[in-house]
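To keep things clear, I will list the structure first and then write my remarks on it.
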Amino acid sequence: MADIELVGDDDGVVVVGDRSAIERFLDHAGLLTRARDFDLGKLSNAVNAGADVLTTVSGVVEQSAMYLKLTPESAKRLKDAGGLMKTKTKGVSHAMLGETGQTSLKWLQVEDGTASLLTNPAVLSVVGGLLSQFAQQAEAQELRALLINIDEKLDDVRRAQRDTVLARMKRAGEAIKEAMTLREHGGDPRTLWDKVNGESSTILNVQEEALLALRALADKVDGKRTTGELKKVAKGIEREVSVHLAVLARCFELLDEFRVVELDHVLATAPQNLEGHRRGLAAARDERRAGVLNHTSRLMVQMDAAGGIANENIILHARAAQSVVDSLNCTAEVVDDFRALFGVESARDVLRATPWREAVRDPQQRKAAGKEVGQKALIGFGVAGAVVLPAAVALSKNGSKPGA
């Protein structure tokens, strides 16, 4: 067998082989500090097959293993090293490595032949289930860290608002926490499942309500065209979005841990169905993620549009426009932190409010200001409104600027 074998799916990769070779490979790829120990011991209990497969399992269990969550960066590094080849087990890929020297590793031709222990379908199925569990545990830990970060940004009123919603999931959270604690101490998978079975419906209901709340925030921006309206709406969204994202993060955290217990139950009671169950859970999780990402994307599209409108009306509404831009950037920061947990990197730049002097020199800005002044004059602002724009232009010569 090659010195190292890699088995992975969309969520992560497990590196199996001699411990020192694993560490050299991960260190060479700059990924060692991100890897975690991966327990292969469950393979012996989970694989129910003939003697040849059990012999294979024994060979695998004797190896060391480390798990690496795939981020865009780590996935690129592994791809640059040679990539993984798809196996007959849907969604699971494999590669083998050989050593060329004491300190360097070289990718061999990627293969899934008989030389590999891990390409046995029965073994791959269980490894795929273990990968799913590790990925969901890793995500749950990151979501807890995000919740701590969000909590620091919430005032007392918003923290109470969030806690009121989360209280509805208290029973589910306590049951899942107890099950995960017992699992860490080798608890019986069937008993653990009895403790949490049925709790997911509560979590999913709260999650759906949080998504509807995000959609409502995006709808608030629709139809707002004046800078004053946008300032008020943007401030409101900035205050509310952290609450709803905190609720969603907690929902995902609990669902991740719930699925860990669920997969343990399938491993113990129906290992022959593990592969299909794992794929089904992955599809359901992807669908939930897509829903959240679509709602946050729509919100940021609406917020960016609001920022654009505000930035086109600097001459008459400099302070209000700056407020809109500030709220937009604060909202985007929270949303980007949340989306990063699901492997979505932000492609947007921090919005910058156009300086007032620069706006005065911009023909489009002057046109927008002139149009607004003209409209105000028509509805009763009279001469006082009509002189605002000329006065603004004159004031730019001595460094002054009008109010919001």
### Query
Restricting attention to the stretch 312-339, and to residues there that are part of a helix (DSSP H, G or I) and of a type in the set (Asp, Glu), which single residue is most open to solvent (accessible area, probe 1.4 Å)?
GLU333
### Query
Of all the residues that make up the stretch 336-363, how many are among the small types (Gly, Ala, Ser) and modelled with pLDDT of 85 or more?
1
### Message
On the basis of being β-branched (Val, Ile, Thr), open to solvent by less than 60 Å² (accessible area, probe 1.4 Å), assigned to a helix (DSSP H, G or I) and more than 16 Å from ASP264 (Cα to Cα), does THR164 make the cut?
### Response
no
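Within the bounds of the stretch 297-309, is there any residue that is open to solvent by less than 40 Å² (accessible area, probe 1.4 Å), hydroxyl-bearing (Ser, Thr, Tyr), assigned to a helix (DSSP H, G or I) and within 24 Å of LEU211 (Cα to Cα)? Spell out how you get there, then give the answer.
Our first condition is that a residue be open to solvent by less than 40 Å² (accessible area, probe 1.4 Å); within the stretch 297-309, this holds for 299-300, 302-303, 306-309.
Of the ones still in play, those that are also hydroxyl-bearing (Ser, Thr, Tyr) are none.
Within the stretch 297-309, not a single residue is open to solvent by less than 40 Å² (accessible area, probe 1.4 Å), hydroxyl-bearing (Ser, Thr, Tyr), assigned to a helix (DSSP H, G or I) and within 24 Å of LEU211 (Cα to Cα).
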### Task
Kindly provide the set of residues from the stretch 251-288 that are over 14 Å from LEU130 (Cα atoms), touching a Phe, Trp or Tyr at 6+ places or on another chain (Cβ under 8 Å) and open to solvent by 40 Å² or more (accessible area, probe 1.4 Å), ordered by number.
none
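Yes or no: LEU263 under 26 Å from LEU351 (Cα atoms) and not basic (Lys, Arg)? Steps first, please.
Working: under 26 Å from LEU351 (Cα atoms): no; not basic (Lys, Arg): yes.
Spelling it out, it is not the case that LEU263 is under 26 Å from LEU351 (Cα atoms) and not basic (Lys, Arg).
Scan the stretch 11-24 residue by residue and report those that are within 18 Å of LEU70 (Cα to Cα) and open to solvent by 10 Å² or more (accessible area, probe 1.4 Å). Steps first, please.
Taking the stretch 11-24 first, the residues within 18 Å of LEU70 (Cα to Cα) are 11-16, 22-23.
Scanning the stretch 11-24 gives ASP11, GLU23.
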#### Entry: Every residue from the stretch 182-215 that is open to solvent by less than 50 Å² (accessible area, probe 1.4 Å) and of a type in the set (A, V, I, L, M)
LEU192, VAL196, ILE203, VAL206, ALA210, LEU211, ALA213, LEU214
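So, of the residues in the stretch 152-177 that are hydrophobic (A, V, I, L, M, F, W, C) and over 24 Å from SER200 (Cα atoms), which turns out to be nearest to the chain's Cα centre (by Cα)? Spell out the reasoning first.
Restricting attention to the stretch 152-177, the residues satisfying the condition of being hydrophobic (A, V, I, L, M, F, W, C) are 154, 157, 160, 165-167, 169, 172, 175-176.
So of that shortlist, the ones also over 24 Å from SER200 (Cα atoms) come out as 154, 157.
Details: LEU154: 20, VAL157: 26 Å.
This residue is LEU154.
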### Task
Working only within the stretch 340-369, note down all residues that are open to solvent by 30 Å² or more (accessible area, probe 1.4 Å) and farther than 24 Å from ILE237 by Cβ.
GLY343, PRO355, ARG357, GLU358, ARG361, ASP362, PRO363, GLN364, ARG366, LYS367
### Query
Could you list, in sequence order, the residues of the stretch 172-181 that are without any contact (Cβ under 8 Å) to a residue 12 or more places away in the chain and open to solvent by less than 70 Å² (accessible area, probe 1.4 Å)?
THR181
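The values are calculated or read from the model by the stated rules, or taken from the named source; none is laboratory data. Owing to the predicted nature of the structure, the values given are computational and were not obtained by experimental measurement. So basically every Cβ, Gly included, is an ideal-geometry build from the backbone, and we count neighbours across all protein chains shown. Please note that ligands, DNA and RNA were not included when accessible areas were found on the heavy atoms of the full protein model with its side chains. Shrake-Rupley method; radii C 1.70, N 1.55, O 1.52, S 1.80 Å.
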